[in-house]
Amino acid sequence: MPPLNRRLLLGGAIGLAGVGATATAWALDEPDRGVFGRLPEAEPWAGSGPLDFAALRERAKALLTGGAIDPADEDYGRPLRLLNRESLRAWEAMDRAADGGSLWPDIGSVDEPSGFSTSYVRLRRLALAWATPGTDLYEDDEVADGMVNALALLYRAGYNEHAEQTGNWYWWEIGSASTLIQICTLLGERIPGTDLAHYLDTVDRFCPNADERVASPGVRETGANRADKAAILALRGLVGEDPDKLALARDGLSDIAGGGANSLFRVVNEGDGFHRDGSFIQHGHVPSTGSYGLVLLTSVTLALALLKNSLWEVTDPGLLRLYDAVEGSFAPFTEDGLFMDCLRGRGIARPTWRDSDAGPALTAAVTALAEFAPAEYRDRWRALARGWIERSSAAVPYFERVELQGIRQAKALLADTSLEPAPRPVMTRVYPGMDRLLVRRETWSWALSMSSNRVAGYEMVGGENLRGWYLGDGMSYLYTIDDPLQFGDEFWPTVSPYRLPGITVDSRKREVLGYSTDLVVHLPENEVAGGAALDDRYAVAAMDLIAEGSSLRAKKSWFVVDEVIVALGAGISAADGRAIWTTVEHRNRHADGDRRMTVDGVFPSEDSELKSSLDGASWVHLPEVAGYVFPLGSSGLHMEREMRSGAWNDIEQGPTTGGGDTEVHTRRYSTLWFDHGVSPTDAEYAYVLLPTASAEATAAWAAESPLTILANTAVVQAVEDAGSGLLAAHFWQGGEVGGLVCDGPASVLVRRGEDGIAVAVADPGRTAETVTLDLAYAASEVVEADDAVSAEVGDRLRITVATGGSSGATHTVRLR
């Protein structure tokens with residue numbers, strides 16, 4: 001029986017209605033949002049009257065179980081049946097006479113950290129079933145006694161206040177502490193008082209507050225870890241009737257002890273937390289919005305709900321910054337109820353926690369948070385959630401994915417006839433804080449993962465994400481409304497890690513790392529990764545690829561021109577005697593999909609295994625996915641139809657995260673790539689991606705060539721679209737292209753139209769104090785401009801942008 005995701009144990013436990021407060025909303029990127037003033041010191045409870053802890057514990061229990069549910073309501077049926085099935089199986093398999101060793105045959109010994117940590121996870125599931133009406137184990141005395149005995153064994157043999165930490169600190173300070181205190185909340189008075197005192201002492205030993213890392217004195221907790229510990233403290237305070245612990249939970253969210261330096265309600269300029277551009281980082285350098293960011297959101301929501309309308313209610317005005325992050329950080333990457341894998345870190349390797357699990361978890365968190373958020377947030381969030389639920393109903397039915405705790409709010413918003421669902425967003429955004437580019441359109445979405453000496457290319461630890469070497473090397477993620485499960489349908493165990501869409505790689509055989517509990521975070525040497533965006537329809541992004549463990553170097557750029565994406569590569573060189581290639585497409589066609597591609601109008605009659613050269617082809621079309629056009633020729637282009645097999649165990653062997661799934665899955669793949677040969681010198685590629693275009697539309701686009709590639713060199717890469725009046729370029733050094741002169745490295749977009757001239761500039765390498773542009777266009781006045789932009793108007797236009805200190809952000813100016 002696979003364990004639940006360890007990091008969402010706290011996050012799944014939300015769902016109580018609260019009273020919304022009135023407040024003023026600020027935009028996520030306003031400069032003063034990241035400035036934290038002096039926080040008021042919290043005083044310990046010193047009141048003389050009794051506190052109704054019993055009522056607060058009942059509220060906590062309702063939060064964990066979902067509260068009053070109707071077992072006959074079919075909307076509750078699936079999660080209730082799942083909980084019942086898993087808990088019965090766990091109960092029947094549990095060694096109830098165990099006095100050592102293992103409680104379950106598929107889990108390690110209870111005297112080992114991974115063993116007791118995973119045992120607590122399973123006991124928590126049992127306790128949840130015991131406390132939930134409608135399950136076969138509901139309030140069963142034998143089950144309660146069995147869990148009490150199991151808890152006592154875990155205490156005696158492994159997890160107690162006298163034990164010394166070994167292995168992964170997380171198992172001790174968050175994983176086991178959180179599940180143990182939740183079990184205590186669910187079982188309540190069924191746990192003998194002397195036993196409960198021991199368990200509370202144990203939680204206090206390993207989670208004394210939300211600030212410190214017990215295993216690493218001097219380390220201050222940030223992000224999701226701080227949020228988890230605050231939620232643990234809130235439950236600990238309620239179970240142990242300890243006002244001081246509740247104050248520590250509240251104050252830990254705001255980092256009172258540290259003066260707000262690690263507050264969860266603070267916008268940061270670097271490192272862990274939410275950035276001004278909507279990025280979220282954990283472990284110093286890893287984009288983690290859909291993993292650690294989601295944990296933070298769900299755990300904070302739980303803590304807020306536990307403390308709501310109590311003496312310890314959170315009143316920090318910075319809480320509004322977290323509210324801003326729902327729409328600034330999470331919503332853009334929520335693809336019709338899924339959460340995009342480009343921001344799920346090493347979590348993509350967990351078979352029990354896919355994009356189709358993270359998405360519903362986010363929806364549940366947002367609907368729960370909406371119940372006590374200010375009205376202006378609440379209304380927008382409920383509209384977002386309704387859109388996600390309704391649009392995901394066919395591929396990922398919400399009520400079949402979400403836990404019991406997330407159902408009540410969903411039913412309420414779906415029953416609200418006055419609530420209109422928010423539509424799919426249309427946007428084009430660069431997130432310089434995490435080296436990501438996101439494109440959302442009516443029928444498709446496309447995301448790009450880059451990396452730099454600031455943002456990690458990949459993360460591995462504890463047997464997770466064992467083949468993630470190239471995730472940050474320019475991998476692209478294409479989602480279409482007709483194929484929402486592209487990455488959720490056994491993609492990660494079957495995909496070739498050397499053929500991820502968009503990447504340029506050395507064919508060397510890689511060493512598998514990440515088995516130990518030591519965190520592996522790869523920061524490449526390159527400075528340039530990022531770009532600029534304009535008008536939510538256009539963008540340019542660039543990455544200076546410096547390959548890990550190889551002499552491979554490449555200049556890679558991408559251009560978004562409304563519904564079209566252009567990928568350019570130049571200066572591709574290596575000297576190690578190995579083949580180098582760039583993958584255009586490596587598409588999962590699922591278990592029985594058609595892999596055939598149309599090439600210059602010819603569609604194969606058979607879908608057999610095939611590998612062949614496409615030299616001379618001008619366009620290719622993959623049905624229901626995209627068209628691919630090769631404007632600079634297709635020398636070295638190849639295609640393949642293949643069957644690929646793999647097991648999740650190949651990429652995920654974490655002892656507490658679902659590793660060990662050795663079932664072999666097979667999927668059918670359609671692949672396109674440019675072979676640059678062995679040790680190439682200044683090789684190049686160019687291709688145009690037309691998402692969801694038909695074969696006819698692809699052929700027409702190739703014939704008309706509405707977009708021109710102006711340059712593809714190691715000095716400048718640029719495209720021009722006459723129809724939209726767009727000139728887009730990335731300058732690797734000062735140069736000129738299409739009448740645009742730039743004095744140094746920069747990403748630039750210039751669009752001329754009837755309403756004037758719009759210019760967007762960014763320095764994704766963060767190396768220049770200023771960028772100066774000279775344009776052969778006339779302008780008479782500045783209509784609007786960022787504070788960092790100055791312009792000299794006249795027959796020729798000069799624009800100077802103060803990029804120093806702007807962290808790769810886009811600066812814009814509009815003229816006429």
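The values are calculated or read from the model by the stated rules, or taken from the named source; none is laboratory data. These numbers were taken from a predicted model, which means no experiment stands behind them. Neighbour counts run over all protein chains shown; Cβ positions are idealised from the backbone, glycine included. Please note that ligands, DNA and RNA were not included when accessible areas were found on the heavy atoms of the full protein model with its side chains. Shrake-Rupley method; radii C 1.70, N 1.55, O 1.52, S 1.80 Å.
Couple of notes before you dig in:
- Filtering 390, 420 for residues that are open to solvent by 40 Å² or more (accessible area, probe 1.4 Å), more than 30 Å from residue 71 (Cβ to Cβ) and not basic (Lys, Arg) leaves a single hit, 420.
- Any hit, the range 687-694, residues being of a type outside the set (Ser, Thr, Tyr), more than 20 Å from residue 476 (Cα to Cα), in contact with a helix residue (DSSP H, G or I) (Cβ under 7 Å, 6 or more places away or on another chain) and touching a residue at least 40 places away in the same chain (Cβ under 8 Å): no
- Number of residues in the range 751-775 that are out of contact with any strand residue (DSSP E or B) (no Cβ under 7 Å at 6 or more places or on another chain) and either of a type in the set (S, T, N, Q) or under 23 Å from residue 721 (Cβ atoms) (or both) equals 5.
- Selection status of residue 455, among the hydrophobic types (A, V, I, L, M, F, W, C) and buried (at least 24 other Cβ atoms within 10 Å of the Cβ): yes
- Set 514, 468, 488: member being at pLDDT below 95, in a loop (DSSP other than H, G, I, E, B) and in contact with a helix residue (DSSP H, G or I) (Cβ under 9 Å, 6 or more places away or on another chain): 514
- The numbered conditions (1) within 25 Å of residue 151 (Cβ to Cβ); (2) charged (D, E, K, R); (3) at pLDDT below 50 are all true for residue 57 except (3).
- Residue in the range 177-196 that is open to solvent by 20 Å² or more (accessible area, probe 1.4 Å), in contact with a helix residue (DSSP H, G or I) (Cβ under 7 Å, 6 or more places away or on another chain) and of a type in the set (A, V, I, L, M) present: yes
- Those strands (runs of 3 or more DSSP E) lying entirely in the range 567-646 with at least 2 residues of a type outside the set (Asp, Glu) and open to solvent by 20 Å² or more (accessible area, probe 1.4 Å): 579-588, 610-613, 637-646
- Residue match in the range 458-466 (condition: β-branched (Val, Ile, Thr), closer than 30 Å to residue 516 by Cα and touching a residue at least 24 places away in the same chain (Cβ under 8 Å)): yes
- The set of residues in the range 647-672 being modelled with pLDDT of 95 or more and assigned to a strand (DSSP E or B) consists of 665, 666, 667, 668, 669, 670, 671, 672.
- Residue identified as under 23 Å from residue 429 (Cβ atoms), among the β-branched types (Val, Ile, Thr), at pLDDT 95 or above and buried (at least 18 other Cβ atoms within 10 Å of the Cβ) among 761, 737: 761
- The condition (being of a type outside the set (A, V, I, L, M) and either in a helix (DSSP H, G or I) or in contact with a strand residue (DSSP E or B) (Cβ under 7 Å, 6 or more places away or on another chain) (or both)) is satisfied by just one residue among 310, 299: 299.
- Within the range 491-518, being open to solvent by 20 Å² or more (accessible area, probe 1.4 Å) and more than 21 Å from residue 672 (Cβ to Cβ) holds for 508, 509, 510, 511, 512, 513, 515, 516, 517, 518.
- Count of residues meeting criterion [acidic (Asp, Glu) and out of contact with any Pro (no Cβ under 9 Å at 6 or more places or on another chain)] in the range 553-599: 3
- Among the residues of the range 711-724, the one identified as among the hydroxyl-bearing types (Ser, Thr, Tyr) and either part of a helix (DSSP H, G or I) or under 18 Å from residue 554 (Cα atoms) (or both) is 713.
- Residue count for the range 524-547, restricted to those that are open to solvent by 10 Å² or more (accessible area, probe 1.4 Å), of a type outside the set (Gly, Ala, Ser) and either assigned to a strand (DSSP E or B) or in contact with a His (Cβ under 6 Å, 6 or more places away or on another chain) (or both): 3
- Look at (1) open to solvent by less than 10 Å² (accessible area, probe 1.4 Å); (2) part of a strand (DSSP E or B) and you find that residue 708 fails only one, number (1).
- Residues of the range 776-813 satisfying the condition of being small (Gly, Ala, Ser), open to solvent by less than 40 Å² (accessible area, probe 1.4 Å) and part of a strand (DSSP E or B): 779, 791, 794
- Just one of the numbered conditions (1) open to solvent by less than 10 Å² (accessible area, probe 1.4 Å); (2) within 23 Å of residue 546 (Cβ to Cβ); (3) out of contact with any Pro (no Cβ under 8 Å at 6 or more places or on another chain) is not true of residue 439: (2).
- Looking across 225, 209, one residue alone is touching a residue at least 12 places away in the same chain (Cβ under 8 Å) and part of a loop (DSSP other than H, G, I, E, B). It is 209.
- Failed item in (1) outside any loop (DSSP other than H, G, I, E, B); (2) aliphatic (A, V, I, L, M); (3) surrounded by fewer than 16 Cβ atoms within 10 Å (Cβ to Cβ), with residue 686 passing the rest: (3)
- Filter result for residue 166 (open to solvent by 40 Å² or more (accessible area, probe 1.4 Å) and either part of a helix (DSSP H, G or I) or on the phi < 0 side of the Ramachandran plot (or both)): yes
- Looking only at residues of the range 266-281 that are surrounded by fewer than 24 Cβ atoms within 10 Å (Cβ to Cβ) and not charged (D, E, K, R), we find that the one that is nearest to residue 365 (Cα to Cα) is 268.
- Inter-residue pairs, beta-carbon under 6 Å, first within 18 Å of residue 393 (Cα to Cα) and in the range 473-491, second open to solvent by 10 Å² or more (accessible area, probe 1.4 Å) and in a loop (DSSP other than H, G, I, E, B), 6+ apart: 480/692; 481/443; 482/624; 484/395; 485/395; 488/354; 489/590
- Check on residue 465, among the polar types (S, T, N, Q), under 19 Å from residue 281 (Cα atoms) and buried (at least 21 other Cβ atoms within 10 Å of the Cβ): yes
Yes/no matrix, rows are residues, columns are (1) over 20 Å from the mean Cα position of the chain (by Cα); (2) open to solvent by 10 Å² or more (accessible area, probe 1.4 Å); (3) of a type in the set (A, V, I, L, M, F, W, C):
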{"site": "339", "(1), (2), (3)": "no, no, yes"}
{"site": "351", "(1), (2), (3)": "no, yes, no"}
{"site": "412", "(1), (2), (3)": "yes, yes, yes"}
{"site": "415", "(1), (2), (3)": "yes, yes, yes"}
{"site": "434", "(1), (2), (3)": "no, no, yes"}
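- Some residue of the range 244-251 being open to solvent by less than 40 Å² (accessible area, probe 1.4 Å), in contact (Cβ under 8 Å) with a residue 24 or more places away in the chain, of a type in the set (Asp, Glu) and part of a loop (DSSP other than H, G, I, E, B): no
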